[in-house]
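A.B. asks: Dropping a structure here in structure tokens format, bear with me for questions.
Just so you know, all these numbers are worked out from the coordinates, no wet-lab data involved. Computed from a prediction, not measured in an experiment: that's the story for all the values here. Virtual Cβ from ideal backbone geometry, glycine too; neighbours counted across all protein chains shown.
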Amino acid sequence: MIWFDLDNTPHVPLFRYIFKEFELRGIDYFVTARDFAQTKELLQLFEIDNTLIGKHAGKNKIKKIVNLFLRAHQLEKVTKGKHINLAVSHGSRTQLLTTKKRNIPSILMMDYEYTESRIFNTLADHILVPKFIPDERLSNAGFNLNKVIRYGGFKEEIYLKYFAPDNNFRKSIDITDDEILIVIRPPSMVGNYHDSRSENYLVNAIKYLQEDEKNKILIVNRTSTERKFIESHVKFKNNVRFLEKSVDGLQLLYAADVSISGGGTMNRESALLGTKTYSIFTGGRPYLDEYLEQIGRLKFINSVEDIYKIEPNRIHEKKILINTETIIEELIYLFLEISNKRGTNL
């Protein structure tokens, strides 16, 4: 059995089609998830069986540490008695703690090099990384290259290859075909990469873009913390609202004419889909985002003045960028190879 732990919203679409392939091939797997942001709602939307365990601890670092060990203990109890040959996640620290204690082989997927390399080096058996990130960037960030395994593209391409535009999607979110849709994703205000400069760009972007009535601004917040912050700093005009229900994120970004986000996954999804994409992330810049900027698919906001240079316009035709069609095959082969090695050693 292969165990997947999904502890954030982007992990649901990431593993969604891998689960479907497992079911088609009769491969046994088990899913746990954390109730954070839209993770629970997307699992329900895509009808993915899972065991929901734990929540986010918020901003406080002490609470984060306590929650880390608490959820790891909860995961240990839930997985006790299951014959798990491999554990897979995209950055789940709690799963890594559990696998280390239970001596279960682990694959830690990551695509942001400025994350907690010490924890991942210590706890993960394998670190699975997109091929585009150079060894030098990883080693400079502290990663043990002996644990690094590569796969052939962006993680977002794992599910983008299955994407088909829904021509009725705009109507489902009350946006007409001639309106300019601007999707804004606030930076995480409870995450490890929190930086107040992003919040300044966020506030100025909303204030600037709402001045044009042709713009329809849809804010996709992760938590109530972000919503309260925005509501306390911006007086909305009639063309601004929050997204009140969980929707297919790829359909939303494809329907959008402009995407502004403080989160890496959403930026990359938007850029690969061909939507005009602006990053207000102000932490250490991901190499993958720098690469997308180099090929003209993404722009970084470096100052408030850069926000005023954004000129939204209606885009009717887009070209989706997919580098390879074989990522899922690569990953399934890798998962099964490591899992089978464990199985023969039991």
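A.B. asks: Using 7 Å Cα-to-Cβ label points, what is the A141/E41 separation (nm, one decimal)?
C.D. replies: 2.9
A.B. asks: Sticking with this structure for a sec: Out of all Cα-Cα pairs in the chain, roughly what percent, to the nearest whole number, are more than 28 Å apart? Can you show the working numbers first?
C.D. replies: Working: 25216 of 59685 pairs.
The answer is 42 percent, as a whole percent.
A.B. asks: Under unit Cβ charges (Lys, Arg +1; Asp, Glu -1), what dipole magnitude, rounded to 20 debye, does region 1-148 have relative to its Cα centre?
C.D. replies: Working: 22 positive and 16 negative charges, 139 e Å.
For this selection, approximately 660 debye.
A.B. asks: Hey, can you rank 65-71, 264-270 by average C-beta count inside 10 Å, highest first? List each step's numbers first, then the result.
C.D. replies: Details: 65-71: 15.6, 264-270: 25.9.
The most tightly packed comes first, giving 264-270, 65-71.
A.B. asks: Taking the Cβ of each residue in K341, K40, K155 as the centre, tally the other Cβ atoms inside 10 Å and list the residues starting with the fewest. Present the calculation step by step, with values, prior to reporting the outcome.
C.D. replies: Values: K341 12, K40 19, K155 27.
Sorted ascending by nearby Cβ count, the order is K341, K40, K155.
A.B. asks: Would you list the membrane-span-like helices of the chain, meaning whole DSSP H runs whose alpha-carbon atoms span at least 24 Å along their axis and whose mean Kyte-Doolittle value is at least -1.0?
C.D. replies: Numbers: long enough: 61-79 (27 Å, -0.06); 327-345 (28 Å, 0.16).
Sorted by number, the helices that extend far enough and score high enough are 61-79, 327-345.
A.B. asks: Assuming 0.36 nm per residue, please report the length gained on full extension of the stretch S172 to K131 beyond their Cα-Cα distance.
C.D. replies: Values: separation 41, 0.36 × 41 = 14.76 nm, distance 3.70 nm.
Result: 11.1 nm gained on full extension.
A.B. asks: Calculate the all-directions average of the projected area of region 169-307's alpha-carbon convex hull, and give it in nm². It would help to have the intermediate numbers written out before the result.
C.D. replies: Working: hull surface 31.6 nm².
With the hull built on Cα positions only, its mean projection is 7.9 nm².
A.B. asks: Another one. Once you keep just the Cα pairs under 8 angstrom separated by 6 or more residues, what percentage relative contact order results for the chain? Spell out each step's value before the answer.
C.D. replies: Working: 570 pairs, mean separation 55.6, N = 346.
Here the relative contact order equals 16 percent.
A.B. asks: Stretched out fully, how many nm does the piece from K101 to I149 gain, at 0.36 nm a residue minus the Cα gap? If you can, show how the numbers build up before the last one.
C.D. replies: Working: separation 48, 0.36 × 48 = 17.28 nm, distance 2.29 nm.
That works out to 15.0 nm of additional length.
A.B. asks: For the chain, what does the helix formula give at 222 nm: sum of -39500 (n - 2.57) over DSSP H segments with n ≥ 4, over the residue count, nearest 500 deg cm²/dmol? Present the calculation step by step, with values, prior to reporting the outcome.
C.D. replies: Values: 15 runs with 144 residues, N = 346.
So the helix-based figure for the chain works out to -12000 deg cm²/dmol.
A.B. asks: Quick check on packing: order 72-79, 201-208 by the mean number of other C-beta atoms within 10 Å, highest mean leading.
C.D. replies: Numbers: 72-79: 17.5, 201-208: 20.8.
Order by mean packing, descending: 201-208, 72-79.
A.B. asks: Per-residue HN-Hα couplings for region 177-188, Karplus 6.51 cos²θ - 1.76 cosθ + 1.60 at θ = phi - 60°, whole Hz, x for Gly and Pro?
C.D. replies: Ordered by residue, 3J(HN,Hα) equals 5, 9, 7, 8, 8, 10, 9, 10, 10, x, x, 5 Hz.
A.B. asks: Taking 0.36 nm per residue of separation and subtracting the Cα-Cα distance, what length does fully extending I65 through T225 add?
C.D. replies: Details: separation 160, 0.36 × 160 = 57.60 nm, distance 2.00 nm.
Using 0.36 nm per residue and subtracting the Cα-Cα distance, I get 55.6 nm.
A.B. asks: Set Lys and Arg Cβ to +1 and Asp and Glu Cβ to -1, take the dipole of region 279-346 about its Cα centre, and tell me which of N313, L336, N323 lies farthest positive.
C.D. replies: L336
A.B. asks: Next question, about the same structure. How many angstrom lie between the Cα centre of region 92-126 and the Cα centre of region 287-343?
C.D. replies: Answer, in whole Å: 23.
A.B. asks: If you don't mind, there's one more thing I want to ask. Would you mind classifying region 276-338 by shape? Square roots of the alpha carbon gyration tensor eigenvalues, ordered a ≥ b ≥ c; an a/c under 1.5 is rounded, otherwise it is prolate if a/b is larger than b/c and oblate if not.
C.D. replies: On the way: a/c = 3.92, a/b = 1.84, b/c = 2.13.
Note, shape of region 276-338 comes out oblate.
A.B. asks: Can you list the residues, at least 5 places off or on another chain, whose amide H is less than 5 Å from the amide H of K216, using H built in the peptide plane?
C.D. replies: I180, L181, I182
A.B. asks: With +1 assigned to the C-beta of every Lys and Arg and -1 to the C-beta of every Asp and Glu, and no other charges, what is the dipole magnitude of the chain about the Cα centre in debye, to the nearest 20? Don't skip to the answer; put the middle values down first.
C.D. replies: On the way: 50 positive and 45 negative charges, 266 e Å.
Charge dipole, the chain, about its Cα centre: 1280 debye, nearest 20.
A.B. asks: Okay, next question. Where in region 91-106 does the amide nitrogen come within less than 18 Å of the point 7 Å from the Cα of H83, taken along Cα to Cβ?
C.D. replies: 103-105
A.B. asks: Here is a follow-up. Just flag the chymotrypsin sites (Phe, Trp or Tyr not before Pro) in region 151-183 sitting in loop per DSSP whose Cβ has no more than 15 other Cβ atoms within 10 Å. Before the final figure, lay out the partial values.
C.D. replies: Details: sites: Y151, F154, Y159, Y162, F163, F169; in loops: F154, Y162, F163.
Taking region 151-183 and a limit of 15 other Cβ atoms within 10 Å, the loop chymotrypsin sites (Phe, Trp or Tyr not before Pro) found are Y162.
A.B. asks: Could you calculate the FRET efficiency of K207 with Q74 from 1/(1 + (r/R0)^6), where r is the beta carbon distance between them and R0 is 35 Å, rounded to 0.05? Working shown, then result.
C.D. replies: Details: r = 42 Å, r/R0 = 1.21.
It comes to 0.25.
A.B. asks: Please give the Cα centre distance for region 5-34 versus region 268-282, rounded to the nearest Å.
C.D. replies: 25
A.B. asks: While we're here: Please give the charge dipole size of region 161-276, origin at the Cα centre, charges +1 on K and R Cβ atoms and -1 on D and E Cβ atoms. Round to the nearest 20 debye.
C.D. replies: Values: 17 positive and 16 negative charges, 54 e Å.
About 260 debye.
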